[in-house]
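Derivation of every value follows stated rules applied to the coordinates shown; laboratory data play no part. For clarity, every value in this text was computed on a predicted model and none was experimentally measured. In this analysis, Cβ positions are derived from the backbone assuming ideal geometry, glycine residues included, and neighbour counts consider all displayed protein chains.
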Amino acid sequence: MKNVQKMVALMLSVMMTAALFSCSDDEEVMNQPLPTQPEQLTDLLEQYNANIAAFQTLTSGEAEIVDYVAQADGHYKLMLTNQQVADVYARAEESSEIPLLGIDKEGFWNVQLNGVTQVLTDRNGKAVAALAKTGQGTFPPQVALGKEGCWQVSFNGYQWHRLSDRPAPSLEGKTAADFALYQSVVLNEQAQTLTLQPRVAEGTLVLETNNSGAAQAWKNFLMSTEKNVLLDYSYAGYDHGETAPKDGFAWGYRVFNVKERMEKEQISALEAFTRILDENKLIRKSNKSATNANARIVVYFPAGEYILHSGKGKQFPYDIIGGNFIIKGDGANRTRLVMESPNGDTEKTNIPLLTVKHTNSPSNDKNSPLLAQVTENAPKGSFSLTVSSTDKLKRGQWVQLRLRSGSKDLLAKELGPITPGATWSISQAPLPITENSADKLGIKVTEFHQIKHVNGNQVVFYEPLMHEVDVQYNDCLGWEIREYKHYENVGIEGLTFVGKAITPYYHHGEGMDPSIAWKYDQEYRPLALIRMVNSWVRDVNFESVSEAVTFSESANCSAYRIEITGHRGHGAVRAAGSSRIFIGAVSDNSRDGKPNKFGVVGEGQWHGCGVSKPSIGNVVWHSTWGKNASFESHATQPRATLFDCCSGGLMKYHAGGAEDEAPNHLSDLTFWNWNVTGTTDEQHRDFSTNFNWWSNEDKWWKIYPPIVVGTHGLPVTFSQEESQLTYEESTGVKVSPESLYEAQLKKRLGRVPAWLNALKK
């Protein structure tokens, strides 16, 4: 039960400032206890005021209905041309407890309260205009409860006028429908009209519905209906998708020319490259503790071919440890970095040619000390959390939000219809991070976030939560905010990495001599970025590589304008244990140099672009993979991945992952406008009909029921068995909007960012 102070706090939340709640009238309210008001009143009033503003806009003709969604019990969600979203309810019976507004035929606001209807007046007793035909300025009213408990109205957001001298009764049990502005709402689908009869004043409002024909899933997201299944992916990518990084030479960094260094000192490309990095404390060669978070250099490879590995062994055995630097060429078709041999002779010694990393894993207690404990629940899509303390949190800080749990109840929610295997790591009891565990067991949720601001015990992120927070699951430390160590602003751009991948490709070297089987998957891996934020790989091509590039334990990085050619290999571009990586405009044109033992020429990397490990919120946009390949979803608990406007094969068993790391993907895997280019794999297996996403009898193919919208291209059908799909719409037909990521960005920013428009050209 709430007291007067609680009521004040509630109204402060509604109106955002204490000044809004002071009644300016001279009348004294009788000395009586205030009725208790429900906690949800804040949200009800916020929604009510938005509906009042929309009602005025529709009545004046200043906006039209773009689209609508029919809800239960005659409730409609309306999307207007001015981006307003209005809730339209019908309620015939009168209400005496709530001030109901309407517009009379003269164009003035009317209010009905306590059984009395009258013209709404301002503080000076003057009638308030709702429509321009009055010849006066128009104002959208805002309704609130004052600190004395009486209803009040404002026309400017800071001056308030009391509507009644009596405190409002308790509104416990009231719903949004009780705040309905209309006594009847009639949809005529044939005539495409919506007729609204206001509860107060005279007149009838007949509106054209102009249904846009957009996908129902998009409408539900746009209008936040109870049927919405989509998350907001618009925060993926560099700078939360809002801008692209500047050209490498535009940062004002010191430029080191590799070719000039080679010629001046008569050394190889590898040696020149190594010396530049060593001199700038980016590798641990001469200084075994070197690191440089703010290197501010460009390592420039002018047009030409540069051999960065030849002969045996790990000729470049160094991790590049630092941030704020760029490795730049003169263009993918002009600068070539070549591996004539693999960087390591055995499976154990083989490493990527270039690994840029922060050395401190977030799964290590010493590297990621506890900053705060989450103390209250929060839904998907929320930006804020209530925590034990914000003393160690500050604006702009990057942190990890994590949960480890062995709860069987939570496991059932995470797996949905999939039966867990006894050996699966997700089914095991996790070890607390304080016990120096390998962090491989139990339910794992990790989201990397940047703090927008802190207030009291509230922390607000720039990005929405992609997994709900439920604090009851505290069997292993519960939901925590921990330190996340990383580097920023690392760019790789304008060059091609060249390898010598074995052809034809066999996954894991299946059927080959066990001593060389590893070579098929990892022999030629040119690039990995680990624990990076706001970094990028762009205008980079990969030729005959085992894998292209992996972003591990990173956040808000981008990889785009990438082509994969030559002999096909194991993997393309992936986000591994990362949050909100944008992978866009990747064209995978690799293929086997000759047919495999089944007589098939494999096309595209075995795993197309995708995700692995506890990744979340990542986007693969307008990218392609081979017709007998498929997307990657490499197990170990990835969640919430959007494949948006992609083209490529629809295959089983190309997702990836060991048996004990199943399932391949958990909740919120979303395919939007997937153009299917192939349904037959490298072994002649056809997956075009009755495609299922999981089977308890199939240990290699287990994907939580996904969301599939607008799948088109070659004809396919998905299994209609119960629990195979979370949501399916328009299979066989491309939907609008074409790109979900683009549409969500436009909704958030009011425009499509220039960098994304440029990628479409």
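A few notes on this one:
- Selection from G173, N757, S95 lying farthest towards where the dipole of the chain points positive, charges on Cβ: N757
- The label-point distance for S184 and H453, in a model that sets each label 7 Å from Cα toward Cβ, rounds to 4.7 nm.
- Residue pairs, from the table K452/K746; K366/K485; K394/K613, whose Cα atoms sit over 18 Å apart: K452/K746; K394/K613
- The ranking of H358, H508, H665, H161 by Cβ neighbour count inside 10 Å, starting from the fewest, reads H508, H161, H358, H665.
- Helix axis angle, 4-15 relative to the chain longest principal axis, alpha carbon, degrees: 70 degrees
- The C-alpha atoms of the chain define a longest principal axis, and helix 41-60 lies at about 80 degrees to it.
- For region 525-761, the Cβ-based charge dipole about the Cα centre amounts to some 860 debye (Lys, Arg positive; Asp, Glu negative; other atoms uncharged).
- Charge context of I530, other residues only, Cβ under 10 angstrom, K/R +1, D/E -1: 0
- Local net charge near R261, Cβ-Cβ under 11 Å (Lys/Arg +1, Asp/Glu -1): -2
- DSSP finds beta bridges in the chain, and of those with both partners inside it, around 40 percent are antiparallel.
- Counting beta carbons within 10 Å around each of K380, K444 and listing the fewest first gives the order K380, K444.
- Over 31 Å between alpha carbons, listed pairs K328/K444; K348/K500; K312/K444; K227/K444: K328/K444; K312/K444
- A protection proxy built from the mean count of other Cβ atoms within 10 Å ranks the segments 686-692, 630-636, most packed first, as 630-636, 686-692.
- Each Lys or Arg adds one and each Asp or Glu subtracts one; over the other residues with Cβ under 10 Å from the Cβ of H654, this totals -2.
- Extended-chain gain in nm, criterion 0.36 nm per residue less alpha-carbon gap, E242 and N757: 184.2 nm
- Checking every one of the chymotrypsin sites (Phe, Trp or Tyr not before Pro) in region 362-424 against DSSP loop status and a limit of 16 other Cβ atoms within 10 Å picks out F383.
- Annotation: lysines with alpha-carbon distance below 26 angstrom to K147 (same-chain offsets under eight excluded): K2, K6, K126, K174.
- For region 559-594 versus region 154-214, the gap between their alpha-carbon centres in whole angstrom: 51 Å
- Each of L714, G237, M651 was scored by the projection of its Cα onto the charge dipole of the chain, and the greatest displacement toward the positive side belongs to G237; charges sit on the C-beta of Lys, Arg, Asp and Glu.
- Shape annotation for region 4-212: C-alpha extents along the principal axes are 57, 39, 30 Å, from largest to smallest.
- The order of the peptides 670-676, 708-714 by mean Cβ neighbours within 10 Å, most packed first, is 670-676, 708-714.
- Angle in degrees between helix 740-749 and the longest Cα principal axis of the chain, rounded to the nearest 10: 50 degrees
- The residues E722, E729, when put in order of fewest to most other Cβ atoms within 10 Å, stand as E722, E729.
- Inter-centroid distance (Cα atoms) of region 32-53 relative to region 445-483, Å: 28 Å
- Helix-only mean residue ellipticity at 222 nm for the chain, each DSSP H run of n ≥ 4 adding -39500 (n - 2.57), per residue, nearest 500: -3500 deg cm²/dmol
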